[in-house]
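Trainee: So that we are looking at the same thing, I have put the structure below in structure tokens.
The values are calculated or read from the model by the stated rules, or taken from the named source; none is laboratory data. Since the structure is predicted, the reported quantities are computational estimates derived from the model, not experimental observations. FYI the Cβ positions are ideal-geometry reconstructions off the backbone, even for glycines, and counts take in every protein chain you see. With ligands, DNA and RNA removed, areas are computed over all heavy atoms of the protein, side chains included. Shrake-Rupley method; radii C 1.70, N 1.55, O 1.52, S 1.80 Å.
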Amino acid sequence: MMSVDKKFPVVDTPVARIIYTAVDRVEVHFKPGVRFTPQVMAALMMARQELGAAGKHRVLMLMPEVIDFDPSMVRTDFYAEHPQPNTEAMAWLAHNNADALITRMILKKSSPPFAWDVFQDEEAARAWLESVVIP
């Protein structure tokens, strides 16, 4: 459900809470204990697509410490079905090498049409988001 504050909305999805921290900054806080499936990720992407219609933004994806990936995630092209036209850049924060590797594999399959990278250090992820030059 979306918060009352329209300036900085907050939306809960089955897998994550989407929080606008500024007009052009979004943080996606994944919930612990959820299974990453194409269905829950589609719900997240539909919510982001709807919220993102307000304007250009950059996104920090904060993954849980333990991730349960459904194997079909690697075969799903999420951006083909749920484009994110106002997303300028996206940084994913993983907590270990295995999750970072799987995240990269999923993103390479999906081919997001914007700058993206996977990090294991939150400060580095935030700095990268700020440094991305948008043509």
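Trainee: Considering every residue within the stretch 65-80, establish whether at least one is assigned to a loop (DSSP other than H, G, I, E, B), open to solvent by 30 Å² or more (accessible area, probe 1.4 Å), under 27 Å from ALA124 (Cβ atoms) and out of contact with any Lys or Arg (no Cβ under 8 Å at 6 or more places or on another chain).
Mentor: yes
Trainee: Kindly indicate which of THR37, THR87 is hydroxyl-bearing (Ser, Thr, Tyr) and farther than 27 Å from ALA127 by Cα. Give the derivation first.
Mentor: On the way: THR87 fails: farther than 27 Å from ALA127 by Cα.
Testing whether each residue is hydroxyl-bearing (Ser, Thr, Tyr) and farther than 27 Å from ALA127 by Cα leaves just THR37.
Trainee: Modelled with pLDDT of 95 or more, open to solvent by 10 Å² or more (accessible area, probe 1.4 Å) and either touching a Lys or Arg at 6+ places or on another chain (Cβ under 9 Å) or not polar (S, T, N, Q) (or both), is that true of ALA127? Can you show your working first?
Mentor: On the way: modelled with pLDDT of 95 or more: yes; open to solvent by 10 Å² or more (accessible area, probe 1.4 Å): yes; either touching a Lys or Arg at 6+ places or on another chain (Cβ under 9 Å) or not polar (S, T, N, Q) (or both): yes.
Answer is yes for this residue.
Trainee: Under the condition of being of a type in the set (D, E, K, R) and assigned to a helix (DSSP H, G or I), which residue from the stretch 81-123 is surrounded by the fewest Cβ atoms within 10 Å (Cβ to Cβ)?
Mentor: Here is the first cut: in the stretch 81-123, the ones of a type in the set (D, E, K, R) are 81, 88, 99, 104, 108-109, 117, 121-123.
Still in the list and also assigned to a helix (DSSP H, G or I): 81, 99, 104, 108-109, 122-123.
On the way: GLU81: 13, ASP99: 21, ARG104: 15, LYS108: 11, LYS109: 14, GLU122: 13, GLU123: 9.
Checking each candidate, the answer is GLU123.
Trainee: Based on what the data block shows, is ARG58 among the basic types (Lys, Arg), in contact (Cβ under 8 Å) with a residue 60 or more places away in the chain and either in contact with a strand residue (DSSP E or B) (Cβ under 8 Å, 6 or more places away or on another chain) or assigned to a loop (DSSP other than H, G, I, E, B) (or both)?
Mentor: Yes, satisfied.
Trainee: Name the pairs: first residue in the stretch 26-38 and among the basic types (Lys, Arg), second residue buried (at least 18 other Cβ atoms within 10 Å of the Cβ) and assigned to a strand (DSSP E or B), Cβ to Cβ under 9 Å, at least 6 apart or on different chains?
Mentor: LYS31/ALA16
Trainee: Before we move on, is GLU81 more than 17 Å from ILE19 (Cβ to Cβ) and of a type in the set (D, E, K, R)?
Mentor: Yes; evaluated as a whole, the condition is true for this residue.
Trainee: Being open to solvent by 20 Å² or more (accessible area, probe 1.4 Å), under 15 Å from the mean Cα position of the chain (by Cα) and closer than 26 Å to SER131 by Cβ narrows it down to one of GLU27, GLU50, so name that one.
Mentor: Result: GLU27 is the single residue among GLU27, GLU50 that is open to solvent by 20 Å² or more (accessible area, probe 1.4 Å), under 15 Å from the mean Cα position of the chain (by Cα) and closer than 26 Å to SER131 by Cβ.
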